């Protein structure tokens, strides 16, 4: 056995262990989707306060639902149930790692428990507020009183208890307003201020608040239109495209876009070369070597990534991805160098072709298919399975510079590197041993696993299949890069609108 082959086997074992532990670890993490839905719920609550729906020319019920307040209570309660289940699961996990005397794992699990517990009390605070506004004061008071005095939201819970028992706090009105504005945001903040000004008999402040509420409601409706209408429009176009493709296949069979044989590649290397690039150049370098070395380097430089502001975190992620791309492509180029010149069709990026049509058409088709699988997937994992941490950071990104950096990572760096590695190299390499459809399926699964989230496994595998099909038809990497970039850009736009 050669040294190269032995190194590949050892790297494969390490990578497989890393992937397995990361995927199993994601099972203990909440899905990001449930947090995103709460942002959209807050927008719906704000929009429901608008008093001039006739200006729209259609009923707001089409966007907000028949009873947005009851729906918001159900949504928040569902999120709280998931959080409670997460805490119980993490506490069981903590007992297990304590028995094994694994101190680092115990500390990490305890931090996760603390974060979930704090989020649980934040949800309890808002659930109580929703109940109080609906006239159910007793359960609201009970929810607020259960929040321990040591939790950061305890002063807010005490303030809400006083207000909904018609007791103006001992502090002056100005101090109380400042406290509310500091500790609550959006619709919840305005509802508490309305209660406060009513008790304090401040009609002028109530009138100003009402005007602000109407402005916020109108803006919220516009944002909901962007978040809901644009994906719905894309989904309709996607369904229409799918129906056209299926109809063409039914009449033309082998002469249709779906029925025609997919491209094949002349692969001059064997499985060992393929493994060196994917295992070594993508997984080992990025998820083991770089993930270990980069934190040590930045600590030596006196930088703590966890303590960085949002712009700093965005830049750290971008730099990490640039280093990952540079290392991975260096390994790719050096590994395939002995086989140059490569056969025709490898890594083709011809500008003068129809690749934009394939990229945009693939994006439209991906919207309804991935959405359908995501809905089924959410039921499968019941709020578990983790997600991309960049999503929550992007939700908080009100800084245009930070958003631009996030977009550079998600819509440029990630599509270029991942499409070169997965569609440009892995997929054609596998056609030496598999039919093209089989190579697309395996590549899509590896692509999905690389994102280290069980909750994203099925949706990303479907997206990977569409990317593979587009590459098999267009034979142009630019089509896949465009599709991938459009997908990530659409996600970031929705997150920005929700988070803003």
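The values are calculated or read from the model by the stated rules, or taken from the named source; none is laboratory data. The shown structure was predicted, so the numbers you read here are calculated from the model rather than taken from an experiment. Backbone-built Cβ (ideal geometry, glycine too); neighbour counts: all protein chains shown.
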Just checking, how many residues over region 128-150 are farther than 16 Å from residue 195 by Cβ and either surrounded by fewer than 21 Cβ atoms within 10 Å (Cβ to Cβ) or not assigned by TED's automatic domain parsing to the domain that holds residue 164 (or both)?
8
Look at region 362-376 and say how many of its residues are under 19 Å from residue 485 (Cβ atoms) and touching a helix residue (DSSP H, G or I) at 6+ places or on another chain (Cβ under 6 Å).
8
Would it be correct to say that residue 241 is within 30 Å of residue 487 (Cβ to Cβ), assigned by TED's automatic domain parsing to the domain that holds residue 50 and either assigned to a helix (DSSP H, G or I) or in contact (Cβ under 8 Å) with a residue 60 or more places away in the chain (or both)?
no
Counting only residues that are in contact (Cβ under 8 Å) with a residue 12 or more places away in the chain and outside any helix (DSSP H, G or I), how many does region 321-359 have?
12
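Residue-wise test of (1) in contact (Cβ under 8 Å) with a residue 60 or more places away in the chain; (2) in a loop (DSSP other than H, G, I, E, B); (3) out of contact with any helix residue (DSSP H, G or I) (no Cβ under 8 Å at 6 or more places or on another chain); (4) not assigned by TED's automatic domain parsing to the domain that holds residue 426.
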residue: 266; (1), (2), (3), (4): yes, yes, yes, no
residue: 277; (1), (2), (3), (4): yes, no, no, yes
residue: 280; (1), (2), (3), (4): yes, no, no, yes
residue: 285; (1), (2), (3), (4): no, no, no, yes
residue: 288; (1), (2), (3), (4): yes, no, no, yes
residue: 291; (1), (2), (3), (4): no, no, yes, yes
residue: 296; (1), (2), (3), (4): no, no, yes, yes
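Yes/no matrix, rows are residues, columns are (1) under 18 Å from the mean Cα position of the chain (by Cα); (2) within 30 Å of residue 217 (Cβ to Cβ); (3) modelled with pLDDT under 85:
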site	(1), (2), (3)
7	no, no, yes
37	yes, yes, yes
53	no, yes, yes
60	no, yes, yes
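Quick one: which helices (runs of 4 or more DSSP H) lie wholly within region 400-500 and hold at least 3 residues that are at pLDDT below 85 and surrounded by fewer than 20 Cβ atoms within 10 Å (Cβ to Cβ)? Step through it out loud before you land on a result.
Working: elements: 400-408, 414-418, 427-430, 436-449, 457-474, 477-499.
Filter on region 400-500 gives 477-499.
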Are any residues in region 33-52 crowded, with 20+ Cβ neighbours inside 10 Å and assigned to a loop (DSSP other than H, G, I, E, B), and if so, which ones?
48, 50
Find the residue count for region 340-361, including only residues that are over 17 Å from residue 421 (Cα atoms) and in contact with a helix residue (DSSP H, G or I) (Cβ under 9 Å, 6 or more places away or on another chain).
11
If a residue has to be assigned to a helix (DSSP H, G or I) and either in contact with a strand residue (DSSP E or B) (Cβ under 8 Å, 6 or more places away or on another chain) or in contact (Cβ under 8 Å) with a residue 60 or more places away in the chain (or both) to count, how many in region 133-181 make the cut?
1
Just checking, how many residues over region 182-227 are closer than 20 Å to residue 496 by Cβ and outside any helix (DSSP H, G or I)?
1
